[in-house]
Amino acid sequence: MMYFKCQSCQRYTVEEDYCPHCHSSQKCVSCPPPEKLHYLTCGCCGSYYQSFNSDSEFDHDIGYGECPRCHDWIISKNEKEFDKIFSEIERGLSARNLQKWSKISRDKKKDFAIALMDEGIIKISIKPTIT
C-alpha cells in the first residue's frame, strides 16, 4: 500500500489527490508508510510527528504519543502548578522553616509536595479549561 503525506496538514493518507483529514485536493507527496518513519499521532493536539527517544519511556497507546510542542506546553503548565503549590506551602512555614525550604532543590520540593498530596494534606482539583 502506498502512503502519501498531505502538503496542507502534514497528515498521512492513502489517497494521492485528496486528504480526508483537511479535505485538501492538493496533490500529496509519496512517502514510506508512517510506521517505518516512526511517526505517532499526538494524543493532545492530534497532529502527526516524528517520534523522539523519550516517547519510549511513556505508556502510550500504540501509535500515539506527545508531540514536542504539546510536551513542552504540558511541562510548562506543570511547573506553573508546582509554583502555586510551593507558594501555598511557603505561606504555612515559619521564618526558620522558610529559610530551610529556600535551600532545598526544586526536585526535592516537588517530591515533598507530591508526598503531601499523596497523604491528603494538600488537596488539588482539576478544572477543565477551554482553549
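From the set of residues in the range 103-119 that are among the aliphatic types (A, V, I, L, M) and part of a helix (DSSP H, G or I), which is least open to solvent (accessible area, probe 1.4 Å)?
From the range 103-119, those among the aliphatic types (A, V, I, L, M) are 104, 113-117; that's our starting set.
Next, from what is left, pick out any that are part of a helix (DSSP H, G or I): 113-117.
Details: Ala113: 0, Ile114: 71, Ala115: 39, Leu116: 27, Met117: 49 Å².
Among those that are among the aliphatic types (A, V, I, L, M) and part of a helix (DSSP H, G or I), it is Ala113.
Being touching a helix residue (DSSP H, G or I) at 6+ places or on another chain (Cβ under 8 Å) and either assigned to a helix (DSSP H, G or I) or surrounded by fewer than 12 Cβ atoms within 10 Å (Cβ to Cβ) (or both) is the filter here, so list the residues in the range 77-102 that pass it. Reasoning before the result, please.
First pass over the range 77-102, keeping only residues touching a helix residue (DSSP H, G or I) at 6+ places or on another chain (Cβ under 8 Å): 82, 85-86, 89-90, 93, 98, 101.
Hits for the range 77-102 are Phe82, Ile85, Phe86, Ile89, Glu90, Leu98, Trp101.
The values are calculated or read from the model by the stated rules, or taken from the named source; none is laboratory data. If you're wondering where the values come from, they're calculated on a predicted model, not measured in any experiment. No Cβ is skipped: glycine too gets one built from the backbone with ideal geometry, and neighbour counts run over all protein chains shown. Areas reflect the complete protein model, heavy atoms only, side chains present, ligands, DNA and RNA absent. Shrake-Rupley method; radii C 1.70, N 1.55, O 1.52, S 1.80 Å.
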